[in-house]
Amino acid sequence: MAAIDTIVIGAGSRGNAYGGYALEFPQELNVVGIAEPDPIRRDLFVSRHQIAPEMIFHDWQSLLASGRAMTSSIINCTMDRFHFESTMRMLDMGYDVLLEKPMTPVPEENVRLVQKAEETGRLLQICHVLRYTPFWQALRKVVHSGALGRVVSVTHRENLAYYHMAHSFVRGNWRSQATSGPMILCKCCHDFDILLWILQKPVVHLSSFGSMIHFRPENAPEGATQRCTDGCPAADSCKYEATRIYARAGSGWPQNAVTYIPTPEARLEQLKTDWYGRCVYHCDNDVVDHQTVNMEMEDGATVTLVMNGQGDEECRTMRWDGTKATLYGKFSSRGDELRLHHHLTGEVEEVPVIARDSSGHGGGDYGIVSSFVKALKGDADESITTARESLESHLLAFAAEESRLTKTVIDMEAFRRGLESRAQS
Ligand SMILES: NC(=O)c1ccc[n+]([C@@H]2O[C@H](COP(=O)([O-])OP(=O)(O)OC[C@H]3O[C@@H](n4cnc5c(N)ncnc54)[C@H](O)[C@@H]3O)[C@@H](O)[C@H]2O)c1
């Protein structure tokens, strides 16, 4: 079967990650169009994918203005606040859409997006990339094999390395509730999704705590300047010092978030004026830097999710306790690990995990595009994320935020009903 033609919206970090699949597997996917307002990003993307002039657009609005679908599929990699309006239009126009997570930071809009996909009969697949990694597929297989017995308790940690926290949630794109949404949604809709995908049970009650402890002006070192480029006296002793993080060799993430011009000099210049040069104690951030969520599942099992922005290593770690065995796991670019401790025999079994491919998120970036392409070719795989399924992970994140803010336990059934009815009005 011929390669699927698609259009990418947003030639930023994610647009390029998914575009990479088309370059590596041209027999599967062909990127024939781009919508991106930043000229440097747009030109680079155009030359990488050899896009014809008539398929180059300044933004999603001009791409969709004709009201006519130009391909059968589209990959929407714009920032969170653009997802709703653009995707509603795409679905109406007949596109099948691969949409970045979170679907949208406004709770009711998530329900409306799912309804629109169901009404129009279009595929709306959400980029919950973890499902498509060898690690999570192996973990799921162990749990579903019954080797753990009945699952009683799960502890799951999303450990952000301190520099990732500062980059994304203090200085960068996801620092503000108003422009991006709560951090537990932006960072952990993945984690809720993966937990539900493995446990296959709904959450009945949920509570959550968290706050922003560290990234406040009162925690700034003495004499700290507003920008790291202003001769800050604390530069040598500050782990967040921007020029060390961004004005070094290499042109991948996080350096390319500052500018796509791939030189340390260009980045250093940019740091003098843009977000990423700011002192982390003097930003306009208001999202939390740590949060925990406690969940009671329908069968009585309990699950704790910990999101923490002061990690030494970027990784997810977890412990699953069942009536027969305990499973310990670590999902990390330094090496995936899964170990099963059998209670009766004391045997410790190393669970094999297939090596990651070269794509980001432990192989999930290419995994999800491959799954989308298969679905478009009429051969959907079992890890496909329907929009309705993705909705549930988003609802858990919104419920966690409500619990954190109101200091109450959320009854998930009532929460779901309330949201569905608000979405109708
Ligand atoms: N699945 C994952 O694991 C994962 C990881 C990181 C980010 N994300 C999500 O992916 C999305 C994109 O994040 P990113 O890191 O690529 O951000 P980014 O800022 O690198 O890219 C977004 C791009 O959209 C472009 N853009 C802005 N307005 C536009 C418009 N009107 N039309 C078309 N393009 C427009 C920007 O210029 C930018 O290049 C976000 O929703 C984010 O939350 C998902």
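Against the test of being buried (at least 17 other Cβ atoms within 10 Å of the Cβ) and within 11 Å of the ligand (Cβ to nearest atom), the options Leu130, Leu124 yield a single qualifying residue, Leu130.
Based on what the data block shows, is Gln291 within 26 Å of Gly181 (Cβ to Cβ) and surrounded by 18 or more Cβ atoms within 10 Å (Cβ to Cβ)?
Criteria met by Gln291.
Just one of the numbered conditions (1) among the polar types (S, T, N, Q); (2) closer than 30 Å to Ala147 by Cβ; (3) touching a residue at least 24 places away in the same chain (Cβ under 8 Å) is not true of Gln200: (3). Of all the criteria given as (1) in contact with a Phe, Trp or Tyr (Cβ under 8 Å, 6 or more places away or on another chain); (2) within 12 Å of the ligand (Cβ to nearest atom), the one not satisfied by Glu109 is (2).
Starting from residues that are of a type outside the set (A, V, I, L, M) and touching a Lys or Arg at 6+ places or on another chain (Cβ under 7 Å), keep the ones in region 233-271 and report whichever is farthest from Gly360 (Cα to Cα).
Of region 233-271, the ones of a type outside the set (A, V, I, L, M) are 233, 236-241, 243-244, 246, 248, 250-256, 259-260, 262-265, 267, 269-270.
Filter once more, so that each one left must be touching a Lys or Arg at 6+ places or on another chain (Cβ under 7 Å): 246, 255, 259-260, 264.
On the way: Tyr246: 20, Gln255: 16, Thr259: 20, Tyr260: 18, Pro264: 23 Å.
Filtering region 233-271 for residues that are of a type outside the set (A, V, I, L, M) and touching a Lys or Arg at 6+ places or on another chain (Cβ under 7 Å), the one farthest from Gly360 (Cα to Cα) comes out as Pro264.
Could you grab me the full set of residues in region 269-322 that are closer than 22 Å to Ala147 by Cα and of a type outside the set (D, E, K, R)? Scanning region 269-322 gives Met297, Gly300, Ala301, Thr302, Val303, Thr304, Thr317, Met318, Trp320, Gly322. Total residues in region 313-338 satisfying the condition of being basic (Lys, Arg) and surrounded by fewer than 18 Cβ atoms within 10 Å (Cβ to Cβ): the figure is 3.
Every residue, every condition in (1) acidic (Asp, Glu); (2) under 23 Å from the mean Cα position of the chain (by Cα); (3) assigned by TED's automatic domain parsing to the domain that holds Leu98; (4) assigned to a strand (DSSP E or B), yes or no:
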| residue | (1), (2), (3), (4) |
| --- | --- |
| Arg14 | no, yes, yes, no |
| Gly19 | no, yes, yes, no |
| Gln27 | no, no, yes, no |
| Asn30 | no, no, yes, yes |
| Gly33 | no, no, yes, yes |
| Ile40 | no, no, yes, no |
| Phe45 | no, yes, yes, no |
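So in region 339-391, with the set limited to residues that are among the hydroxyl-bearing types (Ser, Thr, Tyr) and surrounded by 13 or more Cβ atoms within 10 Å (Cβ to Cβ), which one is farthest from the ligand (Cβ to nearest atom)?
First, pick out the residues of region 339-391 that are among the hydroxyl-bearing types (Ser, Thr, Tyr): 345, 358-359, 366, 370-371, 383, 385-386, 390.
This time we only want the ones that are surrounded by 13 or more Cβ atoms within 10 Å (Cβ to Cβ), so: 359, 366, 370-371, 383, 385-386, 390.
Details: Ser359: 11, Tyr366: 12, Ser370: 15, Ser371: 13, Ser383: 14, Thr385: 11, Thr386: 16, Ser390: 11 Å.
Among those that are among the hydroxyl-bearing types (Ser, Thr, Tyr) and surrounded by 13 or more Cβ atoms within 10 Å (Cβ to Cβ), it is Thr386.
Taken over region 4-61, the criterion of being of a type in the set (Gly, Ala, Ser) and within 9 Å of the ligand (Cβ to nearest atom) is satisfied by Gly10, Ala11, Gly12, Ser13, Gly15, Ala17, Ala35. Scanning region 133-148 for residues that are surrounded by fewer than 18 Cβ atoms within 10 Å (Cβ to Cβ) and either at positive phi or within 12 Å of the ligand (Cβ to nearest atom) (or both) yields a single hit, Gly146. Within region 47-79, the residues that satisfy the criterion of being within 21 Å of Glu118 (Cα to Cα) and either surrounded by fewer than 22 Cβ atoms within 10 Å (Cβ to Cβ) or charged (D, E, K, R) (or both) are Gly67, Arg68, Ala69, Thr71, Ser72.
Do the conditions hold for Val303, that is, is it assigned to a loop (DSSP other than H, G, I, E, B), buried (at least 16 other Cβ atoms within 10 Å of the Cβ), more than 16 Å from the ligand (Cβ to nearest atom) and at pLDDT 95 or above? Full working, then the answer.
On the way: assigned to a loop (DSSP other than H, G, I, E, B): no; buried (at least 16 other Cβ atoms within 10 Å of the Cβ): yes; more than 16 Å from the ligand (Cβ to nearest atom): yes; at pLDDT 95 or above: yes.
No, not satisfied.
What do you reckon, is Phe192 within 16 Å of the ligand (Cβ to nearest atom), touching a residue at least 40 places away in the same chain (Cβ under 8 Å) and of a type outside the set (D, E, K, R)? For Phe192, the condition - within 16 Å of the ligand (Cβ to nearest atom), touching a residue at least 40 places away in the same chain (Cβ under 8 Å) and of a type outside the set (D, E, K, R) - is met. Note on region 343-377: residues that are free of Cβ contacts under 8 Å to residues at least 40 places away in the same chain and either in contact with a strand residue (DSSP E or B) (Cβ under 7 Å, 6 or more places away or on another chain) or basic (Lys, Arg) (or both) total 5.
Residue-by-condition table, conditions (1) surrounded by fewer than 17 Cβ atoms within 10 Å (Cβ to Cβ); (2) closer than 22 Å to Val306 by Cα; (3) charged (D, E, K, R):
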position	(1), (2), (3)
Val111	no, no, no
Val152	yes, yes, no
His156	no, yes, no
Leu160	no, yes, no
His164	no, yes, no
Ser168	no, yes, no
Pro182	no, yes, no
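Taking the stated definitions as given, is Ser332 among the polar types (S, T, N, Q), in contact with a His (Cβ under 8 Å, 6 or more places away or on another chain) and assigned by TED's automatic domain parsing to the domain that holds Asp193? No; evaluated as a whole, the condition is false for this residue.
The values are calculated or read from the model by the stated rules, or taken from the named source; none is laboratory data. As the structure is a computational prediction, the values presented were derived from the model and not from experiment. Cβ sites come from the backbone with ideal geometry, for glycine too, and all protein chains shown count toward neighbours.
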